[in-house]
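See below for the structure under consideration.
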Amino acid sequence: MIFSQLSKRFFTAFITVILCAITVSFACLIHEIDQKNINESNSAFTINSSYYIDENNNLDINNILSNAKFIESDLNSIPYALAQQSYWIKLSLHYPIGNTKITANLQESFVEDSSSEQLILMAEHSMLNTFIVYELSTLTAPKKVFHKLPNPKKSSQSVYPYARLQLNQFGHSEYLIKVKNSGPPNIPLQLFTPQDFEQRLLLSQLIYGAFIGILIIIAIYNLVLYFAGRDKVYLLYIGYLLSAFAVLSSLTGYGYFLFSEKVMQFLNKHLIFTDFLLIIFLLLFTIYFLRYDRLKHWAYKVSLAFAVMVSLLGLYSLFLDELAQTKLFFSLQPLFYIVALYLIFNRLKQDFSWARFYFISWLPLLIGAVIQPMVLLNQLEYSFLTGNAFLFAIMIEVSFMAFALADRIRRNEQEKLTMIAYHQSNHLPRQTNLEHKISQMLKDEHQNFTVMVIKPEQFQRIELYIDEQTRIQFIQGLNQKLSSLFRFNDAVLNITDQFEKLCYLENCSLALVIDNAQNEQDIELFINSIQQAAHDVFYIKNLKLPLSAYVGLADFPEHGSSSASLISNASIAANNAESSLSKWAYFAHKDSENSPSSIQLAIDLEQAITNQGFELFHQPQIDLKTNKVCSSECLIRWNHPVLGAISPDVFISVAEDFGLMPSLTLWVVETALSQQAALSEHTGLNHMVSINISGKDLIQANFIDDVSKIISRSDIKAEKIIFELTESISFAQNNIAIQTIDKLIELGITISIDDFGTGYSSLSQINQLPFQELKIDREFVENVCSDNKRKVIAETAVKMAKGLGLEVVAEGINSTLDEDTLRSFGCDIGQGYYYAKPMSYENYLNWLKHLSNGQIPASLEGDYLPVGK
């Protein structure tokens, strides 16, 4: 891994050195070409120039020569402006008489069959409307030596309009030049020897060819990337490349090397609109390359709105003249750079490494984008480098962008791997990392290691009271604390390439693997240090809780032979540690035998619901005034085909965890009403039926509709149904639950609060919910007279409920003394083993048949009448 990183750094450094060397060589070549321009410092020429501005474009050469007042100025310091006007320029050249070599290269510039020498006057502007050169002489009238006309056979005249100036033998030549353009205002005029001019043309062709080559390579590269990943960012960059190609082909005139006159006229006419397209594509590319669409940042919508505004202004510019188009674009350009730079710098603050090449690619682009307009607007001195600054900038930017795109692909792959290896919510390693590590150890025939699962104490209950962010912060804090604890412990093995030693399990636990051969610490001391670390960080929103962690261990090969079995068994051991005084335990095989897989149990549970695999038991409830059976509580039982009888505490918990509780509840309701209808038909008794309902059932969207349909299908009136609400958490604050209870009461169903005095079945429930019946938990009923506190609590509860107008059911009456005591308190209904144990439906029917008119022995006079009925 270290070797790989060094190789990447060496390769990057090597490429950087090569690019720098090419850049320096290229800069030297350009500088040499710029030095070829004839001026007073590098030749024997004395060059004088002056200008006159024809603002109305209505003067001819005669008017100019007779009436115009010329202003002296350097040849390339004429104040060209962004306006539709003509410029008349006088150019005077003075040179030594008889000097056969005016410059170092002029001797090679003799024209055959001529005793005089030539210079090339070049206008560095491909969009000139007018370029006329007159030779002035005191002896003759002005002589037109050049007039710019379209020339398909000579593309160089379109790229660089130029005139050949014949130098006379008198040492002084004077020329009058008329220029007018339809594009950027600056019109650099330069003098060359013919040979240097040809070199200038050749260099321009080479640069334009290199520019096209780079664009084609990068465009094909992006196209391949698009078809590979279908990411629109690559198409946006291709759009940017095409726009840049069109802009620079027109702006530099190099497009004449490639396109016809008509094509170039079209590009020149729509140059500003193409500029708009360029910044639109560049802005959209920036947005999606930097992934603002995924960040859900406000800048995403603002940037898109700005892109839409620029698009509309671009379309609007098509209806303006060239001057208005140019002013509109250049006024908007600074705002574009502000938006783009904000997007870049804001992303750099979050992750510099992610966008470093993209940031670097913008540096030459910004430099070129500032220099070239200043040259075009005559705010900066012209040279070959500054005049082509934007083209060079695009070439460098595109080169760096190739690195940025490659880096983006690498980051995409890294993110995919991260999504596989890390949880997206808490950014901790997934269980797969630990499984892979254990599999590697098994492959290497490692024989002595232990898998450990660390489960925060009571955290699954604490989760009910905290939000997701608090939960994540706690888990991350615990992971950080334990990671610090294990940092220098070589016995705790790394499970990721980032030297992480802990992974996150889905049950809010952390897991690790210990190499016992390297572990010199006593396991109990090791676990104590873990529990102390957990205790130190057990803060929930600044609340310090006196809790630590349960720890489960599974040894290889005693407790499992695969990564999955070892992790699962260590988790089972952590659960069993909850009942251990030390809060840690090794896995024991009896645990897995007695604790079937929850997933498999959920599968069997769903099949049992579908295949009627459950059974309802009935336990009678007795009116304590009449000793008559007034109701029966329906209790669900499951005799598993393999595991035998499974406690309701086990499978009800599984049903709630796996979302099967609604289906199970509806099965109980339908079966109970069906049995109650059959019971009434066979016995003639018309007592009530009591059904347990979970608080979670009350918040199901279709619970009321489903219950109503079941009632309508049965022959049982709603007034004969009691719903006993049982719940491990409070639902008194749940508005949906309260609304559901109100609707059940409207149907005629009696609502009972179960297990009063335990858990959340408390005074707060009675105070806030519309119950009609209260059921005292067996904890306060069984052997009620054996403990004075229990007796006082039971009596107080009964009298309080009666004072509120509620029926009172005492659950857990196991003796005559219990019955007499509860009756003396004023309790209405009794239930317990004293009367009968829960029975299957058939046994319950037989039990009822042995009663005399539904009355158990030692009856008292009176009838049971539910409150409100």
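The values are calculated or read from the model by the stated rules, or taken from the named source; none is laboratory data. This structure is a prediction, so every number in the text was calculated from the model and none was measured. Note: ideal-geometry Cβ built from the backbone for every residue, glycine included; neighbour counts use all protein chains shown. For accessibility, only protein heavy atoms count, side chains too; no ligands or nucleic acids. Shrake-Rupley method; radii C 1.70, N 1.55, O 1.52, S 1.80 Å.
Normalising by residue count, the chain has a Cα convex hull of 254 Å³ per residue. Mean residue ellipticity, 222 nm, helices only, the chain: the sum of -39500 (n - 2.57) across DSSP H runs of n ≥ 4, divided by residue count and rounded to 500, is -16000 deg cm²/dmol.
Over 16 Å, how big is the tail of the calculated P(r) for region 471-534, in percent of all Cα pairs?
So the portion of pairs separated by more than 16 Å is 45 percent.
Magnitude of the charge dipole for region 286-354, about its Cα centre and with charges confined to Cβ atoms of Lys, Arg (+1) and Asp, Glu (-1), is about 420 debye.
Of all lysines in the structure, those lying under 23 Å Cα to Cα from K296, and not within fewer than 8 positions of it along the same chain, are K232, K349, K416. For region 223-301, the convex hull drawn through the C-alpha positions has a volume of 100 cubic angstrom per residue. The convex hull built on the alpha-carbon positions of region 554-711 has an orientation-averaged projected area of 13.5 nm².
Only alpha carbons enter this Debye calculation for region 630-676, each as an equal point scatterer, and the log10 of I(q)/I(0) it gives at q = 0.15 Å⁻¹ is -0.46.
Charge dipole of region 786-826 (Cα centre as origin; +1 on each Lys and Arg Cβ, -1 on each Asp and Glu Cβ, all else neutral): 220 debye, rounded to the nearest 20. Under a 5 Å amide H cut-off, with hydrogens placed 1.01 Å from N, A549 pairs with E457 among residues at least 5 apart or on other chains.
Principal axis extents of the C-alpha atoms in region 387-438 (largest first, rounded to whole Å): 63, 21, 9. Sequentially through region 524-535, phi angles give Karplus couplings (6.51, -1.76, 1.60; θ = phi - 60°) of 5, 5, 4, 5, 4, 5, 5, 5, 5, 4, 5, 4 Hz, Gly and Pro residues having no value and appearing as x. Computed over the chain, relative contact order equals 7 percent, with contacts defined as Cα pairs under 8 Å that lie 6+ residues apart. Averaging over all projection directions, find the projected area of the Cα convex hull of region 332-433 and quote it in nm² with one decimal place. That works out to 8.2 nm², a quarter of the Cα hull's surface.
Do the alpha carbons of any pairs in K789/K837; K720/K743; K541/K696; K625/K709; K144/K262; K625/K802 sit beyond 24 Å of each other, and which pairs? Don't jump to the answer; show the numbers that get you there.
Values: K789/K837 27 Å; K720/K743 16 Å; K541/K696 27 Å; K625/K709 35 Å; K144/K262 27 Å; K625/K802 15 Å.
Listed pairs above 24 Å: K789/K837; K541/K696; K625/K709; K144/K262.
For the chain, excluding the exposed loop sites themselves (chymotrypsin sites (Phe, Trp or Tyr not before Pro), DSSP loop, at most 12 other Cβ atoms within 10 Å), the longest remaining stretch covers 500-869.
Over all orientations, region 289-394 has a Cα convex hull whose mean projected area works out to 7.8 square nanometres. Within a straight-line Cα-Cα reach of under 16 Å, K69 can be paired with the following aspartates and glutamates, leaving aside sequence neighbours fewer than 8 residues apart in one chain: D54, E55, D60. For region 40-91, the convex hull spanned by the alpha carbon atoms encloses 86 Å³ per residue. Stokes-Einstein diffusion for region 369-507, with the hydrodynamic radius set to the Kirkwood value over Cα pairs and evaluated at 4 °C in a medium of 1.567 mPa s, equals 65 µm²/s.
Rounded to the nearest whole Hz, the Karplus-based 3J(HN,Hα) values (6.51 cos²θ - 1.76 cosθ + 1.60, θ = phi - 60°) of region 219-225 follow the sequence 5, 4, 4, 5, 5, 4, 5, with x at glycine and proline. Of the GluC sites (Glu not before Pro) found in region 407-461, those in coil by DSSP whose Cβ has at most 12 other Cβ atoms within 10 Å are E445. Split the accessible area of the chain by element, probe 1.4 Å, and carbon with sulfur accounts for 56%. Scattering from region 456-588 was approximated by placing one identical point on each alpha carbon and applying the Debye formula without solvent; log10 I(q)/I(0) at 0.16, 0.21 1/Å stands at -0.84, -1.46.
Under the √(5λ) rule applied to the eigenvalues of the Cα gyration tensor, what semi-axes describe the equivalent ellipsoid of region 163-222? Give them in Å, descending.
For region 163-222, the semi-axes come out at 37, 17, 6 Å.
Think of region 618-716 as having a plus end and a minus end, set by charges on the Cβ of Lys, Arg, Asp and Glu; of H687, I710, C634, H687 sits farthest toward the positive end of this dipole.
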